[in-house]
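The values are calculated or read from the model by the stated rules, or taken from the named source; none is laboratory data. In this text, all values refer to a predicted model and were calculated from it rather than measured experimentally. FYI the Cβ positions are ideal-geometry reconstructions off the backbone, even for glycines, and counts take in every protein chain you see.
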Amino acid sequence: MNRITVKITGPAGMGIKSAGLLLAKIVTDAGYYFADYSEYPSLVRGGHNTYQITFSNEEVFMVDKTADILVSLVAGHEEDRNNLWEIPLPKDIYANTFSIGALVFRLGLDKIKAKKIIKERFGDDLKNLAAFDEGYDWAFKNSKKINIDAPEGNDNKTMIVEGNEAMGWGLVKGGCNFFAAYPMTPSTGVLHFLAKNQDELKIKVIHPEDEIAVASMATGASIGGDSAAVATSGGGFALMTETISLNGALGVGVVYILGQRPGPATGMPTWTSQGDLLFAVFAGHGEFPKIVLAPGNIEESFELAQKAMNLANKYNVPVIVLTDKMLCESAANVKELSKEKLIIEKSTKIVPGQGFYLYNSYEHDDEGFSVEDSEPAKLGVEKRLKIVEEIKKDTPKVLLLGSKNAKKLIVSWGSTKGAILEALKGRSDYAYLQVKTVWPIESEVGKIINGFETKILIENNATGQLGQLLKSQMNITFDKKILKYNGRPFFPHELKEALL
Amino acid sequence: MIDLKSKNIPTWCPGCHDFIIFACLQQAINKKEIDLKKLVIVYDIGCSGNMADFLKVFGVHSLHGRSIPTAVGIKLARPDLTVIAIGGEGGIYGEGMAHLIAAARLNIDLTVLVANNQLYSLTTGQTSPTTPKGAKTKSTPQGAPSVPVEPVSLVKTVNPEASAVHVTCLKPVEVTEAMVTAFGNNGFNLVDIDQLCVTFGKQLNS
């Protein structure tokens with residue numbers, strides 16, 4: 001077989017994800033590609049946590065829902081017992097490394113290389129190595145190797161990162177030197193990554209009293225001359241909207257990472273959704289320019305976070321990176337991000353020491369002084385809005401994939417990309433359009449979409465929000481909408497069936 | 001003395017105590033000989049915040065209640081700057097109270113000047129966080145229901161190392177001196193400045 005899916009389950013605190021990421025490292029080291037996905041409830045101990053990984057000798061865009069091998073670390077977590085591999089696991093914290101040992105044998109992976117990775121991860125805790133050996137030996141005696149197509153190398157994509165960490169790298173490689181955040185799933189990982197590495201990455205990291213302070217401090221830091229970014233989810237973003245409007249009035253660039261989860265209100269904190277597109281696009285009172293970018297995978301999470309910093313510096317507007325739990329907390333093997341080129345867009349803003357200027361939240365003239373007369377008020381509005389056309393020339397373009405003969409087009413944004421690419425593998429009847437800049441919308445988008453006979457919209461929300469946006473901006477209507485809104489991402493088989 | 005006034009004529013009511021704070025601030029900046037290239041003033045929203053248009057000092061006229069976190073961001077980005085926040089008690093002790101407490105805990109080198117007239121005056125006279133209990137205002141015609149905030153003791157309780165002083169516009173020399181002292185302190189400084197709203201203040205005698 002050319003593709004295999006392993007799922008590890010158990011209660012929180014058993015190292016489910018830790019075991020899963022070890023396996024990810026082992027298969028990456030072997031030269032495979034992988035995609036992964038984890039589920040967990042919003043609690044610290046207990047519950048039902050899962051980690052699943054699909055690996056292959058060809059690129060994997062999204063995990064498969066059904067596991068070929070299901071390993072339950074603790075009794076009671078066997079789910080539907082479908083493809084359950086019953087392993088006599090130790091009833092302690094070493095169950096996860098025991099299971100990895102067993103899996104390494106069964107998946108035909110290299111024992112010595114795997115042990116090296118275990119050692120790097122756990123240092124000198126010999127009990128982990130012993131548990132690995134016991135698991136391996138048990139599987140050697142009691143199971144058969146599965147025949148998986150040999151890896152052919154993974155194009156030096158050997159760094160394993162979660163979306164959050166990839167965005168952290170993207171910010172830094174775009175010149176970010178000030179980051180503020182108030183913890184909120186699913187984007188807390190950006191805060192953890194940057195806080196932990198702040199000295200090495202030369203970035204100031206602060207966790208203030210609330211999200212309003214987060215956005216206000218980032219705005220202040222940007223005025224002070226720093227390149228500033230924040231990260232949050234829907235509820236925190238709601239509090240930041242007054243500052244986004246302020247950024248628009250002042251002409252101060254700040255990058256907002258918005259990791260979506262299902263709302264409204266607290267919703268389902270540890271699950272995924274694309275329910276905040278229109279909220280992001282229309283965040284903030286008044287009329288002002290704003291950019292909203294939506295990465296479709298982990299590599300794009302890096303690229304678009306970096307691009308967001310550049311755009312914020314160049315155009316002095318708020319830039320939102322719209323992602324979701326599916327991307328924030330899933331990992332992939334990518335190129336070594338620490339070695340990526342630093343791209344810094346020269347800032348055009350006036351900073352302290354460069355003479356008088358008033359950054360004014362009131363409508364203002366060229367020096368920043370408040371105005372209320374009709375003519376300067378009109379000029380202020382026009383000056384702010386005229387850069388939108390320049391911005392449109394500089395934002396990431398749409399990605400159009402697929403056969404030129406395709407008459408049917410799938411349109412989507414964000415993390416649905418993975419499942420769509422999987423569903424379209426080997427098919428030529430569909431083309432696929434990924435909208436990377438959801439605001440401002442490029443005018444070419446309408447022309448591209450209207451060039452196809454059948455138009456299909458795929459979104460991880462209940463109301464087809466990109467569809468609403470395209471309808472309002474370009475009068476585009478879709479023949480079919482495939483929508484999912486139960487906190488789970490689309491899996492490849494679901495879209496394969498829906499697109500038959 | 002360097003003239004710090006902008007081209008704009010102040011729009012405050014005749015006799016407003018904001019003129020006193022405005023004059024004291026210019027005196028204090030001059031007295032302390034602060035390099036204008038190293039000075040940023042962040043203004044809250046309210047009558048006192050309107051000073052943004054009347055001073056020719058690099059400034060930020062922020063949002064209601066957010067002058068402190070904006071100032072903290074500037075100071076974190078540029079520790080070499082003298083950063084001053086100016087607001088009324090509505091912004092600083094009401095909408096932005098959490099930010100006042102957090103900045104005092106952080107003990108960041110910042111001076112917060114509060115024009116405290118016990119009323120929301122720019123919005124024509126409603127109760128504020130320092131209105132005496134029972135005072136009848138436009139939003140509390142039956143009397144303000146809450147006890148007033150005690151800003152100086154509050155800040156001292158939150159962080160005894162932070163500086164907090166109370167002065168009054170009736171003694172302008174002391175206001176200037178309190179500002180000069182605050183600009184010289186390393187750490188968080190609150191200067192709570194008692195003032196009278198000449199237009200809506202008489203409600204407080206009800």
Residue pairs qualifying under the 7 Å Cβ cut-off, at least six apart or on distinct chains, with the first in the range A:301-326 being not assigned by TED's automatic domain parsing to the domain that holds A:I257 and the second being of a type in the set (K, R) and surrounded by fewer than 24 Cβ atoms within 10 Å (Cβ to Cβ), are none
Looking at the range B:62-73, is at least one residue in a helix (DSSP H, G or I), touching a Leu at 6+ places or on another chain (Cβ under 8 Å) and either more than 9 Å from chain A (Cβ to nearest Cβ) or among the small types (G, A, S) (or both)?
-> yes
Tell me, yes or no, whether the range B:143-154 has at least one residue that is among the small types (G, A, S) and under 18 Å from B:D192 (Cα atoms).
-> yes
Can you tell me which residue among A:F193, A:F132 is surrounded by 17 or more Cβ atoms within 10 Å (Cβ to Cβ), among the aromatic types (F, W, Y), without any contact (Cβ under 8 Å) to a residue 40 or more places away in the chain and under 24 Å from A:I93 (Cβ atoms)?
-> A:F132
For the range B:82-94, how many residues are within 20 Å of B:L25 (Cα to Cα) and surrounded by fewer than 24 Cβ atoms within 10 Å (Cβ to Cβ)?
-> 1
State which residue pairs qualify: first residue crowded, with 20+ Cβ neighbours inside 10 Å and inside the range A:234-245, second residue in a helix (DSSP H, G or I) and of a type in the set (G, A, S) in any location, beta carbons under 6 Å apart, and separation of 6 or more residues or different chains.
-> A:M240/A:A215; A:T243/A:A215; A:T243/A:S216
Pull up the range A:246-272, narrow it to residues that are over 20 Å from A:A181 (Cβ atoms) and surrounded by 24 or more Cβ atoms within 10 Å (Cβ to Cβ), then point me to the one that is nearest to the chain's Cα centre (by Cα).
-> A:P262
When every residue in the range B:37-86 that is hydroxyl-bearing (S, T, Y) and within 15 Å of the chain's Cα centre (by Cα) is compared, the one nearest to B:C197 (Cα to Cα) is B:S48
Could we say that A:D199 is outside any helix (DSSP H, G or I) and either touching an Asp or Glu at 6+ places or on another chain (Cβ under 7 Å) or surrounded by fewer than 20 Cβ atoms within 10 Å (Cβ to Cβ) (or both) here?
-> no
Those residues of the range B:30-41 which are in a helix (DSSP H, G or I) and within 14 Å of chain A (Cβ to nearest Cβ), in sequence order = B:L36, B:K37, B:K38
What is the number of the single condition among (1) crowded, with 19+ Cβ neighbours inside 10 Å; (2) farther than 20 Å from B:L76 by Cβ; (3) out of contact with any His (no Cβ under 8 Å at 6 or more places or on another chain) that B:T157 does not meet?
-> (1)
Kindly list the number of the only condition in (1) within 14 Å of chain B (Cβ to nearest Cβ); (2) under 29 Å from A:I298 (Cα atoms) that fails for A:Y362.
-> (2)
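Matching residues to (1) surrounded by 15 or more Cβ atoms within 10 Å (Cβ to Cβ); (2) farther than 25 Å from A:Y33 by Cα; (3) among the basic types (K, R):
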position: A:K425; (1), (2), (3): no, no, yes
position: A:L457; (1), (2), (3): yes, yes, no
position: A:N486; (1), (2), (3): no, yes, no
position: A:E494; (1), (2), (3): yes, no, no
position: A:L500; (1), (2), (3): no, yes, no
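For (1) under 20 Å from A:I100 (Cβ atoms); (2) part of a loop (DSSP other than H, G, I, E, B), each residue gets a yes or a no:
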| position | (1), (2) |
| --- | --- |
| A:D36 | yes, no |
| A:E58 | no, yes |
| A:M62 | no, yes |
| A:T66 | no, yes |
| A:V74 | yes, yes |
Would you be able to tell me the number of residues in the range A:222-252 that are more than 16 Å from A:T185 (Cβ to Cβ), away from chain B (no Cβ under 11 Å) and assigned to a loop (DSSP other than H, G, I, E, B)?
-> 1
Among the residues of the range A:364-416, write down those that are crowded, with 17+ Cβ neighbours inside 10 Å, among the small types (G, A, S) and part of a helix (DSSP H, G or I).
-> A:G380
